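Step one of this worksheet: look at the structure below.
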Amino acid sequence: MNRRHCATAAITLVCALALLTSTGQAMAAPVPDPSPSPSSSSPAGSTPRYSTAELEKVREQIETLYRKAGAATDAYNLAEEQTKKQSGEIVKLAKAIVDGQARIAALKDRAGAQAREQYRNGGLPPGAQLALSNDPKLFLDGINKVRQSQQASKSLLSDLNQTQQDLETYTQDASANWEKLETNRVKQAKAKKKINAQIKAAEKLESQLEKKERDRLLQLERDAADKAQTAWLSSGAVKDVSGEASEAGAAAVAFATAQIGKPYVWGAEGPGSYDCSGLTSQAWLAAKRPIPRTSQEQWRLLPRIDIQDMRPGDLIIYHADASHVGMYVGDGAIVHAPRPGRNVTLAGAGSMKILGVVRPDT
């Protein structure tokens, strides 16, 4: 094989090794102060700085920021999952390149052995050697040997050419995968930067509130969720929902509910913390049914079912961008990891805008 292909293969191996040992982190960008103007600057313990209407606007701002962070988290998780997969493919390709080079070396040794054998026979072509034989039996034996030798040489040459072509293909594939990997790494960094910015903006809003106001904010969150849940139940959406969990579904529910109280951390898959799809994917993994890592991929790839047909263990996907997911546990409730600053908890299944329901074990 020519030197250019060998050099390309070597570069690919070095790049793959460098990638697998890389640990770079993206930094969060500065964010503007998104806080609304308070109605007064009274000290703690006096008249609240925010009216209920103003605090409701703050709640909506924080919810929007965390929603955007959730969508960016899905992009990050998907890019990370794809990067891991592509890293594994590059390692396989690198091994194939090494194996191909070893096979070429072995074939060249065989070709050299054949050349040396011909040299020992005086360098005469097989046809000339036959012509010099006066023994018909030797002549016929020689014909068979010549045919076998010709077939072996032809096969050897074909194998050598095919191995070289395969090695070139492996090298091209490794280079293409490397480019994909680098694209995903850039995508990860951008997603992580965006997540950090959104979360920092939301945290800054909350940090500017006094404790009493944060308590009021939490109550407003609960009131909004209760209102949405009541409206959902009143619509009759779950009137006929009575499905029983499958064996795998029951195992997934048991795992998910055992995580209640653990904090939400974006990108986390346990055991000490989870993001929303980290919780659902790990729960189904515990039930021995691996599913996609992100809520968007869960929505895209898992079988969809009607709300009336859902049963415990099914996943409810939320918001138009499929940026949140919870696990249905029965009685109109879900277990989910809500957002940063909150813990895994039970909530009303209708407390957020439902996009649809998917079932991991259809």
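Given a Förster distance of 22 Å, report the FRET efficiency between residue 52 and residue 224 from their Cβ-Cβ distance, rounded to the nearest 0.05.
0.95
Can you give me the solvent accessible area of residue 232 with a 1.4 Å probe, rounded to the nearest 10 Å²?
It works out to around 30 Å².
Work from the charge dipole of segment 298-362 (Cβ charges, +1 for Lys and Arg, -1 for Asp and Glu, about the Cα centre) and give the residue of 346, 332, 358 farthest towards its positive end.
Result: 346, furthest along the dipole toward the positive end.
Among residues other than residue 329 whose Cβ falls under 12 Å from its Cβ, what is the net charge (Lys/Arg +1, Asp/Glu -1)?
Value of the local net charge: -1.
For segment 50-79 and segment 195-211, write down the distance between their C-alpha centroids in whole Å.
So the two Cα centres are separated by 10 Å.
On a full-extension model of 0.36 nm per residue, what is the gain between residue 175 and residue 215, subtracting their alpha-carbon distance, rounded to one decimal in nm?
8.9 nm
At R0 = 45 Å, how high is the FRET efficiency between residue 91 and residue 64 if r is their beta carbon distance? Nearest 0.05 is fine. Before the final figure, lay out each step's value.
Values: r = 41 Å, r/R0 = 0.92.
Plugging the Cβ-Cβ distance into 1/(1 + (r/R0)^6) gives 0.60.
Roughly how far apart, in whole Å, are the Cα centres of segment 336-354 and segment 230-298?
11
Run the accessible area of segment 178-296 with a 1.4 Å probe and give the carbon-and-sulfur part as a rounded percent.
53
State the answer as a single residue: which of 287, 274, 299 lies farthest towards the positive end of the charge dipole of segment 259-301, with beta carbon charges of +1 for Lys and Arg and -1 for Asp and Glu, about the Cα centre.
287
Between residue 323 and residues 5 or more places away or on another chain, which pairs have amide H atoms under 5 Å apart, with H built 1.01 Å from N, and which residues are they?
318
Mind scanning 84/192; 92/180; 204/353; 193/353 and naming the pairs with a C-alpha gap bigger than 20 Å?
Values: 84/192 16 Å; 92/180 15 Å; 204/353 26 Å; 193/353 27 Å.
The answer is 204/353; 193/353.
Report residue 257's accessible area, 1.4 Å probe, all protein chains in place, as a number in Å² to the nearest 10.
Rounded to the nearest 10, the figure is 50 Å².
Give the shape of segment 280-362 as rounded, prolate or oblate, defined through the alpha-carbon gyration tensor: a ≥ b ≥ c are the square roots of its eigenvalues, a/c under 1.5 means rounded, and otherwise the shape is prolate if a/b is larger than b/c and oblate if not. Provide the component values of the computation, followed by the final result.
Working: a/c = 1.26, a/b = 1.15, b/c = 1.10.
Rounded shape, in that the Cα axes give a/c under 1.5.
If I model a spin label at residue 98 and residue 84 as a point 7 Å from the Cα along the Cα→Cβ vector, what separation in nanometres do I get?
2.3
Starting from the Cα of residue 247, step 7 Å toward the Cβ, then list every residue of segment 270-307 with an amide N under 18 Å from that point.
Counting only backbone N, you get 284-290.
For segment 201-350, with every protein chain kept in place, what is the accessible area per residue (1.4 Å probe, Å²)?
The answer is 45 Å² per residue.
The values are calculated or read from the model by the stated rules, or taken from the named source; none is laboratory data. These figures come from a predicted structure and were not determined experimentally. All Cβ positions, glycine included, derive from the backbone under ideal geometry; neighbour counts span all protein chains shown. For accessibility, only protein heavy atoms count, side chains too; no ligands or nucleic acids. Shrake-Rupley method; radii C 1.70, N 1.55, O 1.52, S 1.80 Å.
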